[in-house]
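The values are calculated or read from the model by the stated rules, or taken from the named source; none is laboratory data. None of these values were measured; they are calculated from a predicted model. All Cβ positions, even for glycine, are placed from backbone atoms using ideal geometry, and neighbour counts span all protein chains on display. With ligands, DNA and RNA removed, areas are computed over all heavy atoms of the protein, side chains included. Shrake-Rupley method; radii C 1.70, N 1.55, O 1.52, S 1.80 Å.
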Amino acid sequence: MALSTDYVLRTGAFNPAEASINPQDMQGSLEQLKEKALQRYNQVRGKDPERLVSGSDDFTLFLWAPAEDKKPLQRMTGHQALINEVLFSPDTRIVASASFDKSIKLWDGRTGKYLSSLRGHVSAVYQIAWSADSRLLVSGSSDSTLKVWDAKTMKLFVDLPGHADEVYAVDWSPDGQRVASGGKDKCLRIWRR
């Protein structure tokens with residue numbers, strides 16, 4: 001499951017797009033930081049209610065507006081195997097889903113409409129992570145590679161081989177400069193942009 005506001009909740013008052021090397025910029029009272037985090041949350045949420053997306057072993061996803069209705073907004077189909085992970089882009093416009101069918105699918109974050117399939121892995125895709133600017137998506141697979149995808153062109157941007165075995169975990173740093181990956185080879189790798 002993923003919530004449309006996951007990224008802004010994760011980063012709080014810190015906006016990676018406004019990152020600087022001066023730690024003094026983030027100083028302030030706890031109340032000021034709470035207010036800034038609330039402003040960022042409200043800006044990301046906009047006029048729409050929070051949305052939730054769920055992926056399942058039955059190869060489907062559901063898009064929900066849990067604060068408004070108990071019924072799903074959309075049933076999303078297309079995967080041919082169970083879904084490992086679903087994730088909203090930080091700007092909430094795209095939902096990405098990773099599956100054992102060796103693909104990543106992209107969906108409209110507001111309507112649930114299918115957009116595209118990202119194919120290139122030769123084995124199950126375990127995890128995905130978005131860059132802070134929502135332009136790039138990284139995926140980790142049991143084929144021992146990471147792949148970085150361009151969300152605009154919906155094509156492979158760069159292939160990152162280097163693990164000796166399955167890649168179980170990937171995450172993008174909030175500043176968008178690094179990707180961390182961990183795998184069955186017992187290695188943690190840091191990839192720089």
Worksheet item: How fast does region 77-116 diffuse by Stokes-Einstein, in µm²/s, taking the Kirkwood radius from C-alpha pairs at 25 °C and 0.890 mPa s?
Response: 243
Response to the item:
Residue by residue through region 181-191, the couplings from Karplus 6.51 cos²θ - 1.76 cosθ + 1.60 with θ = phi - 60°, in Hz, x for Gly and Pro, are 9, x, x, 5, 6, 6, 10, 10, 10, 10, 10
Practice prompt. Please report how far the C-alpha centroid of region 170-193 lies from that of region 118-167, rounded to the nearest whole angstrom.
Written response: 12
Item to complete: Return the subset of Lys36/Lys70; Lys34/Lys70; Lys47/Lys105; Lys105/Lys147 for which the Cα-Cα distance in this structure is over 20 Å, preserving the input order.
Response: Lys36/Lys70; Lys34/Lys70; Lys47/Lys105
Response to the item:
On the accessible surface of the chain, probed at 1.4 Å with all protein chains in place, carbon and sulfur together account for a percent value of 52
Practice prompt. Using the heavy atoms of the protein chains and a 1.4 angstrom probe, tell me the accessible area per residue for region 86-154 in square angstrom.
Written response: 35
Worksheet, complete the sentence: On the formula 1/(1 + (r/R0)^6), with r taken between the Cβ atoms of Arg110 and Arg189 and R0 of 35 Å, the FRET efficiency rounded to 0.05 is 0.50
Worksheet entry | Dipole magnitude of the chain, debye to nearest 20 (Cβ charges: Lys/Arg +1, Asp/Glu -1, about Cα centre) | 340
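Just the Kirkwood number for region 1-141, please: inverse of mean 1/r across all distinct Cα pairs, in Å, one decimal.
Details: mean 1/r = 0.0623 Å⁻¹.
When all Cα pairs of region 1-141 are included, the Kirkwood radius is 16.1 Å.
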Practice prompt. Counting helices only, and only those DSSP H runs with n ≥ 4, report the 222 nm mean residue ellipticity of the chain as the sum of -39,500 (n - 2.57) divided by its residues, in deg cm²/dmol to the nearest 500.
Written response: -3500 deg cm²/dmol
Item to complete: Determine the gain in length on full extension of the stretch Asp133-Asp48; use 0.36 nm per residue of separation and subtract their C-alpha separation, reporting nm with one decimal.
Response: 28.6 nm
Worksheet item: If you place +1 on the Cβ of every Lys and Arg and -1 on the Cβ of every Asp and Glu, how big does the dipole about the Cα centre of region 117-179 come out, in debye to the nearest 20?
Response: 280
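Please work out the FRET efficiency for the pair Asp58 and Leu3, using the Cβ-Cβ distance as r and a Förster radius of 25 Å; give the result to the nearest 0.05.
0.75
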Worksheet, complete the sentence: Between the modelled labels at Lys71 and Asp159 (7 Å from Cα along Cα→Cβ) the distance in nm is 4.7
Item to complete: Please report the orientation-averaged projected area of region 60-178, defined via the convex hull of its C-alpha atoms, in nm².
Response: 7.3
